[in-house]
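Have a look at the structure below before the remarks.
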Amino acid sequence: MSNFYLNRRALLGLALTSALPVGSVWAAGQPLPVVASFSILQDLTRQVGGDRVSVSALVGPDGDAHVFEPTPQQARQLQQAKVLVANGLDFEGWLPRLKKASGFQGQEIVASQGIAVRTLPKGQGHDHGHDHGAGKEGHDHDHDHDHDHDHDHGHHHGPNDPHAWQDVKNAIVYVRNIAKGLAKADPANAAQYDKQATQYIARLTALDASLRQRFAALPAERRSVVSTHDAFGYFAQAYGLRFVPVRGLSTESEPSARDLAALVKQVRAERIGAIFLENISDPRLLEQLARETGAAIGGRLYSDALSPDGGPASTYVDMVETNAATLLKALQAR
Amino acid sequence: MMQSVSGLAAAAVHGIDFELSNLCLGYGGKLALRGVSGQFAAGSMTAIVGPNGGGKSTLLKGLLGQLAPMQGSLRCRYPRAALGYLAQACEVERDFPISVEDFVSMGLWAQTGALGAVSDAQRAQISMALATVGLQGWQPRWIAELSGGQFQRMRFARLWVQNPPVILLDEPFTGVDEPSIDVLLQLLQQWHTRGRTVLAVLHDREMVEAFFPQALALAGTQLAWGASADVLPSLAARAGARRRA
Amino acid sequence: MIAELLWQPFVDYGFMRRALAGCLALSAGAAPLGTILLLRRMSLVGDAMSHAILPGAALGYLLFGLSLPAMTIGGLAAGLIVAMLSGVVTRYTALREDASFAGFYLISLALGVLLISLRGSNVDLLHVLFGSVLALDDPTLYLTATIASLSMLGLALVYRPLLMECLDPGFLRLQGPMGSISHALFMLLLVLNLVGGFHSLGTLMAVALVVLPAASARFWLRGVGLQMALSTAIAMAGSLLGLLLSYHAGIAASAAITLSLGCLYLLSLCLGRLGSVRAQRQRPANDSVSEPMGVSE
């Protein structure tokens, strides 16, 4: 009789413990739900996590993280996630509020942890619709205020430049941080994360070397570029370019002759090779500038978001390659 | 303006400028004038008389081809552009910045067209026309400087320069001062003596009696057409009958 | 010093020279038309027409982007359709020309705004409305110059019948269809100039070049031909002043040009020789007409 009971308990125990491997296999089979703050981080996380993670981005491709307004669905998405990958450096001004609103309990990875932060120089061109005098701009934007201009660059960071991913070496740091974070949240797959991260880092290292080499080949006087976008500070620093900000030329309203003359003078004086003015939407004005100054008109630069699938910058590596190719083409053209 | 070939030939042979056969004219489907039949002979001078609203202006418009006949027929010897016409209501912009000479030169449109220059000979014509109406020397003045009477004289000068074979006038002397009327009546007589056909809508019975050999009385329909000595009494009788009734 | 103020900007910068060239060409074509518009009491038609061409240009923009030929043809078509429709309505219904035109141009304008909002953003609408005189490229310059030449030629052709139609339409009607033909041609020239102007100055400002100089010239000269010449000169002067203002004071270019034209108009209004505020106060009580002048043309 005790044999029978023992047997039954043993049987039950066996049955129960047999559920464990099945259960854990089943649990292990579900990918880790991760939310990335924007598309570039989403891509990096996917590269590290592979099929072990299911990454969604809050600010999708072609989106603008500066003027992003999260929807209730995204709040829910965040609540159900186990990991949040954010950039940090005040890039996502809306994130603290969203985290609180959604009641996110998981782990947050700050991707930019540990990089050498670059500060924005005083008087860096902030492209709002007013004519700022030189030197006053740095102060105007130390506080968070809502711009409701209908243009798409309401930069209001602190003094730090958050666009660290533009330097591929920093992207490597990002990847390491992400891998570490994922491993902490999902130790079972830590080895896989590590392996994939290493592979990807190797790719990035090669990319970085290639970029350095190609840009080094540019003559010294063909390294200046005019841009209204101050997102390429790290890129410029890493690869030896100079991004000259343009002042005063606003987007929607018509330029005055004085503003245009000032730009022409600047381009001529600093012997700038290429002009990238994304937010002057009249292409004829750009052509006029090119004609007047002899500078080349650049194409589109991708700074804060990837392009949608099928576009030229749908992954981080593609984005960097595309930007490099665009810049090189403009600077080498004559 | 209906012109049949045979009609044209017939008219030329008999010297008839207009042939009307039971002509009915109206506006927007409503008849304003019915049953006018007769002829305007070449070189005739006819006054068109009758009460207000009787259809006198309507008849002129029909003769000019601005109104198509609703019933009946109308044959004219000349193309419309060859007719001379002095409209009643003055549509002219009085203070338009144009000189008297340029205004009168409009009469030469058929010769100059849009682009032709005005030759010296033509300017002499204009000068003579202005002299005829008593406005000599007014060539360089702006038309805005003219008084009412002078303005009408200038319009006559334009007609003079145009020199059409047929001249239609719609109440040409309304609101014009006496001296101007005298000058213009003389002009009409000169046209008549030169063989031009003159038709004028008039209100002044004495003027008709004195200057117009022919008359056509209209009061919504044709009352009488012939020598003014015969036509005018019938009109007066009708008016008298109305008053008594 | 003077040179620096007046000439230097044009010497130094190609875009200033092109802007000036474009404006001068536009003035030559548009200003004389303004004199006729004024004489025919159609000044507001000019403004209305500039709105009427909007959907055509917007359609061209939607289908072909910022393409010169597409937007030109589209604008032309829209303007002509509106002119034609209002002419038909005036002829066959009880409405007079001003009301029928008003009806159609408003519909046209709304269509234009709708079309632009479908694809473009507010920025695009602003560009269409305000133009970019500082961004004149070669094709646009050629187009403007061609329009100006065609305009002057066309005006010479229909000058006499146009004036006659304004002065004494009854008389002209008897001479044949010249009156309506010349009116149609005049509307065509107007639309052409507005379409040409809208590429550089935008729809709103292009009409300023048509109306303001002509209104200013009215206060200085009597004869029609002389008024046309003077209004052309005023338009050119206003363009020059406006560009300089934009250069030295940093005002948006087309607004600066329009403001300059406006100032010249106000000056003429107050100080002009004929019928201005000053002249009205100076003239004796019974003299209603200014002194006679030489033969006008």
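The values are calculated or read from the model by the stated rules, or taken from the named source; none is laboratory data. Quick caveat: nothing in here was measured; it's all calculated off a predicted structure. Heads up, the Cβs are rebuilt from the backbone with ideal geometry, glycines too, and the neighbour counts pull from every protein chain shown.
For residue A:298, the conditions (1) surrounded by 19 or more Cβ atoms within 10 Å (Cβ to Cβ); (2) modelled with pLDDT of 85 or more all hold with the exception of (2). Pairing each residue of region C:1-19 that is at the interface with chain A (Cβ under 10 Å from one of its Cβ atoms) and within 19 Å of residue C:141 (Cα to Cα) with any residue that is in a helix (DSSP H, G or I) and of a type in the set (Asp, Glu), provided the two are 6+ apart or on different chains, yields C-beta distances under 8 Å for C:13/A:292; C:14/A:292; C:15/A:292. Residue-level analysis places residue B:81 among those that are of a type outside the set (Phe, Trp, Tyr), within 14 Å of chain C (Cβ to nearest Cβ) and free of Cβ contacts under 8 Å to residues at least 40 places away in the same chain. Only one of the numbered conditions (1) closer than 30 Å to residue C:136 by Cα; (2) surrounded by fewer than 20 Cβ atoms within 10 Å (Cβ to Cβ) is violated by residue C:71, and that is (2).
Given the structure, is residue B:110 within 12 Å of chain C (Cβ to nearest Cβ) and touching a Gly at 6+ places or on another chain (Cβ under 8 Å)? It is false that residue B:110 is within 12 Å of chain C (Cβ to nearest Cβ) and touching a Gly at 6+ places or on another chain (Cβ under 8 Å).
Only one residue in B:188, B:159, B:223, B:218 is in contact (Cβ under 8 Å) with a residue 60 or more places away in the chain, touching a helix residue (DSSP H, G or I) at 6+ places or on another chain (Cβ under 9 Å) and closer than 14 Å to residue B:45 by Cα, so which one is that?
Just one listed residue meets the conditions, B:188.
Scanning for something within 14 Å of another protein chain (Cβ to nearest Cβ), of a type in the set (Ser, Thr, Tyr) and buried (at least 20 other Cβ atoms within 10 Å of the Cβ), does region C:36-59 turn up at least one residue? No, every residue in region C:36-59 fails to be within 14 Å of another protein chain (Cβ to nearest Cβ), of a type in the set (Ser, Thr, Tyr) and buried (at least 20 other Cβ atoms within 10 Å of the Cβ).
When region A:52-87 is filtered for residues that are surrounded by 20 or more Cβ atoms within 10 Å (Cβ to Cβ), modelled with pLDDT of 90 or more and small (Gly, Ala, Ser), the ones remaining, listed by number, are A:57, A:81, A:86.
Here's the yes/no breakdown for (1) in contact with a helix residue (DSSP H, G or I) (Cβ under 7 Å, 6 or more places away or on another chain); (2) modelled with pLDDT under 85; (3) within 14 Å of another protein chain (Cβ to nearest Cβ):
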| residue | (1), (2), (3) |
| --- | --- |
| A:198 | no, no, no |
| A:228 | no, yes, no |
| A:242 | yes, no, no |
| A:264 | yes, no, yes |
| A:273 | yes, yes, no |
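In region B:109-132, the residues that are over 26 Å from residue B:150 (Cβ atoms) form Cβ pairs under 6 Å with partners that are part of a helix (DSSP H, G or I), at six or more places apart or across chains, as follows: B:114/C:160; B:114/C:161.
Note on region B:177-200: among residues that are on the phi < 0 side of the Ramachandran plot and not in a helix (DSSP H, G or I), the one that is farthest from the chain's Cα centre (by Cα) is B:177. For residue C:188, are the conditions met, namely being touching a Cys at 6+ places or on another chain (Cβ under 9 Å) and aliphatic (A, V, I, L, M)? Spelling it out, it is not the case that residue C:188 is touching a Cys at 6+ places or on another chain (Cβ under 9 Å) and aliphatic (A, V, I, L, M).
For residue B:141, the conditions (1) more than 10 Å from chain C (Cβ to nearest Cβ); (2) surrounded by fewer than 20 Cβ atoms within 10 Å (Cβ to Cβ) all hold with the exception of (1). Filtering region C:234-267 to residues that are of a type in the set (Gly, Ala, Ser), more than 10 Å from chain A (Cβ to nearest Cβ), surrounded by fewer than 23 Cβ atoms within 10 Å (Cβ to Cβ) and touching a residue at least 40 places away in the same chain (Cβ under 8 Å) leaves only C:262.
The residues in region C:29-43 that are more than 19 Å from residue C:220 (Cβ to Cβ) and either touching a residue at least 60 places away in the same chain (Cβ under 8 Å) or under 9 Å from the mean Cα position of the chain (by Cα) (or both) can be counted, and the count is 2.
Of the residues examined, residue B:22 is one that is at positive phi and free of Cβ contacts under 8 Å to residues at least 60 places away in the same chain.
Within region C:132-161, no residue that is more than 10 Å from chain A (Cβ to nearest Cβ) and free of Cβ contacts under 8 Å to residues at least 12 places away in the same chain sits with its Cβ atom under 7 Å from a residue that is outside any helix (DSSP H, G or I) and buried (at least 19 other Cβ atoms within 10 Å of the Cβ) at 6+ positions apart or across chains. Is it true that some residue in region B:113-136 is under 19 Å from the mean Cα position of the chain (by Cα) and within 11 Å of chain C (Cβ to nearest Cβ)? Looking for residues that are under 19 Å from the mean Cα position of the chain (by Cα) and within 11 Å of chain C (Cβ to nearest Cβ), one finds none in region B:113-136, hence no. Answer yes if at least one residue in region A:280-296 is in contact (Cβ under 8 Å) with a residue 40 or more places away in the chain, part of a helix (DSSP H, G or I) and not β-branched (Val, Ile, Thr), and no otherwise. No, region A:280-296 contains no residue that is in contact (Cβ under 8 Å) with a residue 40 or more places away in the chain, part of a helix (DSSP H, G or I) and not β-branched (Val, Ile, Thr).
Within region B:201-230, the only residue that satisfies the criterion of being in contact with a Phe, Trp or Tyr (Cβ under 7 Å, 6 or more places away or on another chain) and either farther than 27 Å from residue B:31 by Cα or in a helix (DSSP H, G or I) (or both) is B:228.
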